[in-house]
Amino acid sequence: MAKYFTYFPKILYDAVGKGDYKVVTNLLNRVVMKKGLKEIAAVFDTIDVEGEMTPEAVAEEYYGNQSYYWIVLLFNNIKDRFYDWPLPRVNFETFVNDKYTNPGAAHHYEISQTSGRTTSFDDSHMVEVNSTASGATAVTNYEYEERLQQAKGRIRLLKPEYIELVVEEFTTLMGN
């Protein structure tokens, strides 16, 4: 699949209402992943996007073809590749500095939970609390945004052996 939008249906569109119709790509068509498919571990691998990797770079590395970038985005429900995808470090720094007047200020406070899952390699065992709670630790604006970036960077990739099936199904659903 050379280009994602080449498989979208074409329609006649009169932009100004004067009977001057042009053939355009119907960008309103959408394809969604079947419910539950993302939960089937046998068809996916989970990876952490590193550094400056783009969806195209991930597709090239994982599938051997950068034109499958759209599958990376589709299967991770990424609609805005600039803000739903992890930002490159330089862009991230700019984003945080533009968003917060003081990136080092407290965003919220956390304590470690005392029942259930109490340890992990991420921050899922932490509970957001009032700043007055005993043992509360401040999480800065910068740390908060960095956690969000890390979460965006953990993506699921359809195993390569299923790519052609997805491309065929996508083409069929788009009416081609």
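From the set of residues in region 79-92 that are touching a residue at least 12 places away in the same chain (Cβ under 8 Å) and surrounded by fewer than 18 Cβ atoms within 10 Å (Cβ to Cβ), which is nearest to F8 (Cα to Cα)? Looking at the filtered set, the residue picked out is R81.
Output the residue which, of all residues in region 1-28 that are under 20 Å from L165 (Cβ atoms) and surrounded by 10 or more Cβ atoms within 10 Å (Cβ to Cβ), is modelled with the lowest pLDDT. Spell out how you get there, then give the answer.
As a first pass, look at region 1-28 and keep what is under 20 Å from L165 (Cβ atoms): 1-4, 6-8.
In the following step, the residues that additionally are surrounded by 10 or more Cβ atoms within 10 Å (Cβ to Cβ) were identified as 1, 4, 6-8.
Numbers: M1: 46, Y4: 72, T6: 76, Y7: 72, F8: 78.
Step by step, filter region 1-28, then rank; the result is M1.
Among residues of region 6-31 being under 27 Å from the mean Cα position of the chain (by Cα) and either in contact (Cβ under 8 Å) with a residue 24 or more places away in the chain or part of a strand (DSSP E or B) (or both), the one that is nearest to V72 (Cα to Cα) is V31. Listed by position, the helices (runs of 4 or more DSSP H) inside region 64-162 whose residues that are at pLDDT 85 or above and within 15 Å of the chain's Cα centre (by Cα) number at least 2 are 69-74, 141-153.
The values are calculated or read from the model by the stated rules, or taken from the named source; none is laboratory data. If you're wondering where the values come from, they're calculated on a predicted model, not measured in any experiment. Methodologically, a virtual Cβ is constructed for each residue, glycine included, from the backbone with ideal geometry; neighbour enumeration extends over all protein chains shown.
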